[in-house]
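To keep things clear, I will list the structure first and then write my remarks on it.
The values are calculated or read from the model by the stated rules, or taken from the named source; none is laboratory data. All values derive from a computational prediction rather than experimental measurement. Here the Cβ positions follow ideal geometry from the backbone for every residue, glycine too, while neighbour counts run over all protein chains shown.
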Amino acid sequence: MQPTSVTSKGQITIPKHIRQQLGIRKGSKLEASIVGNHIELYISNTPSDITSTGFAMLKSKRTAVPTDFDPASLLNNDRA
């Protein structure tokens with residue numbers, strides 16, 4: 001058993017090997033119940049599988065750059 005601590009917000013970290021074994025990932029929903037003197041967690045919902053291509057997985061707050069943008073156009077041509 002691997003010890004973990006509780007944050008000021010009441011959060012704990014489930015060890016990586018346990019998350020991997022049970023398929024728990026970002027967006028998974030867990031239910032907690034008290035049994036005797038311990039807590040039991042149950043997986044109530046796991047998000048659908050991530051696509052193998054990775055398309056549309058990355059999100060950015062930056063505005064899109066046109067595909068025909070030429071970074072060399074930013075260089076100052078007035079060097080003489």
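A few points about this structure:
- Residue in segment 38-52 that is among the charged types (D, E, K, R), at pLDDT below 85 and out of contact with any Phe, Trp or Tyr (no Cβ under 6 Å at 6 or more places or on another chain) present: yes
- Considered as a group, the residues in segment 1-20 that are of a type in the set (S, T, N, Q) and more than 14 Å from LEU41 (Cα to Cα) include one that is nearest to the chain's Cα centre (by Cα), and that residue is GLN20.
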